[in-house]
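The values are calculated or read from the model by the stated rules, or taken from the named source; none is laboratory data. What you see is a predicted model; the values in this text were computed from it and never measured. Neighbour counts are summed over all protein chains in view; Cβ atoms, including those assigned to glycine, are modelled from backbone coordinates with ideal geometry. Quick note on the areas: whole protein, heavy atoms, side chains included, nothing else; ligands and nucleic acids left out. Shrake-Rupley method; radii C 1.70, N 1.55, O 1.52, S 1.80 Å.
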Amino acid sequence: MSDFMGGLSKPPEPPTRSEPSRGVRGRTRETRDGPRGPESVTGFGTGTQRGGGSVAVLRDGAKGFWGETLQLARAVGRTMGVTFKNLVARKPVTVMYPDVRRQYPDRFRGVLALTYDKETGEENCIGCRLCEYICPPQVIKVEMLKAKERNWAKHFTLELYSCEFCELCVQVCPTDAIVMLKTFELATSDRRELLLDKDRLHALGLEHEHSWATGTRLRDMQAPPKAARGEGHRDGATRGEAAVTAPAAAAKPAGTAALAGAGSAEESATPAPAAKADGPSTAEAVKTAAAPPAAPGEVKTKETAE
Amino acid sequence: MSLHGYLTLGALVFAIGLFGVVTRRNAVGMLLGIELMLNAVNINLVAFSRFHADLGGIVFSLFTIAITVAEVALGLAIVIVIFRVRKTIEADRLDLLRG
Amino acid sequence: MTVETVGFWLVAAVLLASSLAVVLTKNLFHAVLYLAVALVATGVVFLLLESPFLFGVQLLLYAGGVVTIVVFAIMLTERLVGERITQTSRHVVNGAIVSAAVFVAVVGFLLQAGAPAPVTERPDQLAGLGRALVGPYAVTLELLGVLLVAALLGAIYFARADD
Amino acid sequence: MTLPPLAQAAIAAFIVLNAVILMVAYVTLLERKFAARMQSRIGPYYVGWPHGWLQPIADALKLMLKEDVVPAAADRWVYNLAPIAFLVPCVLIFATIPFAPGLGVADLNIGILFFLAVSALEIVGLFMGGWGSNNKYALISAMRAVNQIISYDLPFIFTALVPVVLAGSMQLSEIVSAQTGLFGWFVFRAWGLGVLALLAYLVATIAAENRVPFDILEAESELVAGFRVEYSGMKFALIQLGEYAHILGTSFLGALLFLGGWLGPGPAWLGPIWFLLKAIFVFLLITWVRWSFVRIRVDQILAISWKLLLPLSIVLLMAAAFAVAWSGGARV
């Protein structure tokens with residue numbers, strides 16, 4: 001009953017202690033041995049046929065002691081051939097990091113930063129708190145400073161040590177104020193240095209190259225066809241506090257409002273399309289909310305059908 | 001060093017091993033004592049072999065060592081079985097045959 | 001004082017101290033470690049007795065083998081982590097009396113016997129051992145093989161998982 | 001002026017010890033470079049130009065300067081002694097290796113038995129460390145180590161005895177001198193027995209040294225670092241040193257037993273260099289295996305030992321003995 005090399009080709013047996021009793025185990029063994037036929041005589045079964053749910057890791061066809069030994073030898077040769085090829089034939093791909101820097105991809109999602117307006121030199125952030133609402137790990141805290149022309153962020157803190165770099169804050173930002181940078185170098189020996197305030201975020205933005213993504217670009221990319229906008233807008237504006245607290249957002253292109261609505265819709269868990277998405281990511285939910293107007297109707301018919 | 005020195009050393013180690021076997025409560029501890037005793041015997045055998053220029057003593061201690069290893073393997077297997085059944089290897093508590 | 005004499009006293013001291021520690025120490029694991037020291041010291045005694053081959057065998061089988069198996073058994077039978085394994089002794093006085101009596105008896109015999117004259121000629125030990133094992137002791141060697149197989153089977157039988 | 005033999009031996013031992021430690025340090029660099037190239041990397045580069053040749057020195061310095069942490073619940077004596085108990089046998093195995101005719105600490109007539117016996121003692125230091133740390137991972141690691149050593153010592157010993165049978169001597173220098181002549185190395189001799197024996201020796205070596213794919217006892221993903229998980233600073237360095245010394249020692253032994261030791265073309269003084277090259281070849285073979293495979297399961301490791309390697313090595317040993325007996329003491 002022993003499998004050669006502990007049955008390289010099968011998962012480990014379940015612990016014997018869980019077997020109900022000796023008698024039952026004996027019987028099951030017999031029935032298992034039954035259909036195996038002459039192989040069990042050798043004592044070196046392949047193990048692929050044993051039990052119901054065994055998975056053949058190695059390919060079938062290795063029969064008996066010599067078959068498995070041959071297969072093992074072949075596998076060993078192949079494995080070592082791969083590494084040998086690497087050793088002699090391939091050049092190292094190492095980039096000597098601190099001296100030479102790798103070209104980061106355009107959509108690299110690195111450290112977050114706040115931006116200034118390029119023309120006027122003003123801060124872009126209007127303190128709308130959309131990023132604070134959408135942030136899954138809730139690391140952003142914003143306080144709004146009301147003013148005449150436009151609003152400002154009084155405080156803006158970002159706890160980078162808990163950030164999961166999901167880019168959602170960038171996606172919802174109506175003024176493209178928060179962006180991601182093509183850098184990850186923020187290593188520090190003090191956790192408090194990762195609590196980024198407004199000044200530091202702005203400084204970072206000046207210091208490093210920005211990544212491709214901004215709120216406008218991302219939303220343009222995901223924008224629904226034109227006809228869908230009205231529906232999405234109304235849906236978002238009537239429901240959810242985000243739309244209420246973001247008048248600036250409502251003034252922006254309609255896609256923004258739809259996004260804000262989607263965020264709140266998910267929170268309130270109403271039978272809106274967004275709530276149906278059981279959340280692999282919030283971005284997914286956002287997309288669903290901004291879907292063509294046919295979507296809500298579909299859901300409704302579905303519900304009535306049920 | 002004379003033969004007597006080695007023999008006395010062997011006797012001392014043997015006595016210490018005996019003390020261990022008699023006084024230990026733990027089955028493994030007893031086995032350790034037995035090991036010491038067998039070692040003492042080996043010292044004696046090799047000493048005799050050396051001082052009589054006869055290889056028989058060395059051959060015998062070779063056999064002793066081999067047998068000891070077998071004995072230890074078997075003894076510890078028994079200890080493990082006892083532990084499985086009785087959940088203890090204290091010799092005093094193994095009184096199943098006391099009636 | 002020759003090198004051999006100095007070596008003997010040193011090794012004897014180490015051997016006796018570690019043997020005593022084996023039987024007296026409370027911690028079972030420490031006892032095994034002391035046993036390892038005692039076994040290596042015994043090996044050195046073999047070296048002093050000009051049997052380097054036996055020294056090798058002693059290290060290989062005893063210190064490498066027996067100690068390992070014992071440690072394995074301890075690990076299997078004791079709850080180790082977070083707990084000190086202690087073992088107590090019983091009848092310490094009686095045991096001391098018995099072993100002292102045995103020692104005195106043995107030494108009594110020794111005192112009566114005269115010391116043999118040390119031999120000077122030394123045959124080639126390795127070749128001699130090889131010839132002895134397949135010559136006069138061939139049957140014993142075969143019997144030993146049978147015994148080892150039996151012991152192996154017994155150990156497997158005892159220690160198998162009960163299914 | 002001639003020194004007394006004891007002093008001579010002491011000086012030789014001192015030289016060999018330092019050479020071993022230096023070699024071990026640079027063997028780690030070699031392995032890191034080799035492994036890096038296998039994975040399309042560069043390996044150590046910055047410390048010392050060119051190609052980071054000062055890296056081992058830097059590592060040693062770093063380990064020496066590091067804080068030495070002792071766990072509060074550790075069994076202090078056992079914990080502190082374990083690295084020494086581990087290191088001593090690993091370095092002691094070099095005592096019996098002759099690096100050229102007459103160049104070595106002691107060319108014992110039981111050389112190989114001494115080697116095997118002393119390297120078997122390594123396990124004592126290992127489970128001392130595992131037990132003394134009072135740590136679950138270390139303890140499990142020590143148990144696995146004991147398991148594995150029991151399984152793999154036997155095939156290791158049996159395969160190492162094949163050249164002994166072929167050469168008819170346990171003295172390492174005699175074994176080498178039995179391999180003279182064209183294709184005289186034991187790998188090429190005895191109708192393929194030698195190759196099989198070398199392969200079995202390599203597998204048993206890898207397993208006995210707990211290297212990948214047999215490294216269940218330090219399996220990083222399950223046991224963090226195995227029995228040395230609680231060690232830091234100098235003690236950790238000693239354990240590492242011992243481990244690599246052991247690997248190097250078995251590489252030297254393999255080169256000596258199967259690849260003809262210092263034999264090779266050229267004048268006699270090239271001997272030690274040939275020997276070193278062969279040993280490094282064996283070491284690189286082991287390293288190659290290490291960086292090619294994944295860890296295998298405990299039961300598979302035990303099965304490979306008991307069901308394949310042990311029977312194979314016993315059959316090899318018996319076949320070698322038959323071959324020698326058949327030829328009536330002539331060269332096989």
Could you report region D:66-326's accessible area per residue, 1.4 Å probe, as an integer in Å²? 36
Helix-only mean residue ellipticity at 222 nm, chain D, DSSP H runs n ≥ 4 weighted -39,500 (n - 2.57), per residue, nearest 500. What is it? -21000 deg cm²/dmol
Rounded to whole Å, sorted largest first: equivalent-ellipsoid semi-axes of region D:44-182, Cα gyration tensor: 34, 24, 14
Please compute, over every Cα-Cα pair in region D:221-275, the percentage with a separation greater than 16 angstrom. 60
Too long at a 24 Å Cα-Cα cut-off: which of A:Lys182/D:Lys62; A:Lys91/D:Lys33; A:Lys91/D:Lys278; C:Lys26/D:Lys66? A:Lys182/D:Lys62; A:Lys91/D:Lys278; C:Lys26/D:Lys66
Using only alpha carbons, build the gyration tensor for region B:3-98 and give me the equivalent ellipsoid semi-axes, biggest first, whole Å. 32, 15, 7
Rounded to the nearest 100 Å², the accessible area hidden between B and C, summed over both chains at a 1.4 Å probe radius, is 6700
Mean separation of Cα pairs under 8 Å and 6+ residues apart, divided by the residue count of region D:2-146: what relative contact order is that in percent? 21
Accessible surface of chain D [probe 1.4 Å, protein heavy atoms]: carbon and sulfur percent: 74
Inter-label distance, nm, simple model (7 Å from Cα along the C-beta direction), A:Lys91/D:Val195: 3.7
Short version: ³J(HN,Hα) in whole Hz for each residue of region D:205-212, in order, from phi by Karplus 6.51 cos²θ - 1.76 cosθ + 1.60 (θ = phi - 60°), x for Gly and Pro, what are they? 4, 4, 5, 5, 9, 6, 9, 4
Once normalised by the length of region C:1-89, the mean sequence separation of its alpha carbon contacts under 8 Å that are 6 or more apart gives a contact order in percent of 30
Can you tell me the alpha carbon radius of gyration of region C:124-163 divided by the globular rule-of-thumb value 2.2 N^0.38 Å? 1.75
Pick from D:Ala167, D:Ala106, D:Ala19: which residue has the top mean-square fluctuation in a GNM of chain D where Cα pairs under 10 Å get a spring? D:Ala19
Calc'd 3J(HN,Hα), region D:308-325, phi into Karplus 6.51 cos²θ - 1.76 cosθ + 1.60 (θ = phi - 60°), Hz, glycine/Pro = x, comes to 10, 6, 5, x, 4, 5, 5, 4, 4, 4, 5, 4, 4, 5, 5, 4, 5, 5
Per residue, in Å², the accessible surface of chain B once ligands and nucleic acids are set aside, probe 1.4 Å: 37
Are there any residues in region D:273-317 with a reduction of at least 30 Å² in accessible surface when going from the isolated chain to the assembly of protein chains? Probe 1.4 Å, please list them by number. D:Trp288, D:Ser292, D:Phe293, D:Arg297, D:Gln300, D:Ile304, D:Lys307, D:Leu308
What order, most packed first, do the peptides C:60-72, D:218-230 have when packing is the mean number of other Cβ atoms within 10 Å of each residue? C:60-72, D:218-230
Here chain D gives, from Cα atoms, an Rg and Dmax in Å of 20.2, 64
